[in-house]
Amino acid sequence: MSVEDVEGRTLSYDEAAAYLGLQPGTLRVWVSHRRVPHVKVGSKVRFTRDHLDEYLAQNTVKAVG
C-alpha cells in the first residue's frame, strides 16, 4: 500500500517513514525520544499526516540571503 492510498487515516511506522523519507528504524528511535508526534492506539503507534506535516514545517531550515 502506498502512502497516497492512506488518505484520511493514521499511518503505520512503515508508511510514516516513507512519507518522511526515513528508515522505519530511525522513526522508531525518534518516537522513543519523543522527537516526532505520534498517537498511541492501545500498544500500537500511529501517525497522522497533519502531525507529520506540522513537524516538517517546524523543522524546516530557512535559506539565508
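Read-outs throughout are calculated quantities, based only on the coordinates presented, and are distinct from any laboratory measurement. It should be emphasised that the depicted structure is a prediction, and the values quoted were computed from it without experimental measurement. Cβ placement follows ideal geometry from the backbone for every residue including glycine, while neighbour counts extend to all protein chains displayed.
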Relative packing of 15-23, 51-59, which averages over residues the other C-beta atoms within 10 Å, highest first: 15-23, 51-59
Positive-end extreme of charge dipole, the chain - chosen from Ala16, Gly42, Leu56 (charges on Cβ): Gly42
Given charges at beta-carbon only (K, R positive; D, E negative), |dipole| of the chain in Debye: 420
Cα principal axis extents for the chain, largest first, Å: 46, 27, 19
Relative contact order (percent, whole number), the chain, Cα cutoff 8 Å, 6+ residue spacing: 30
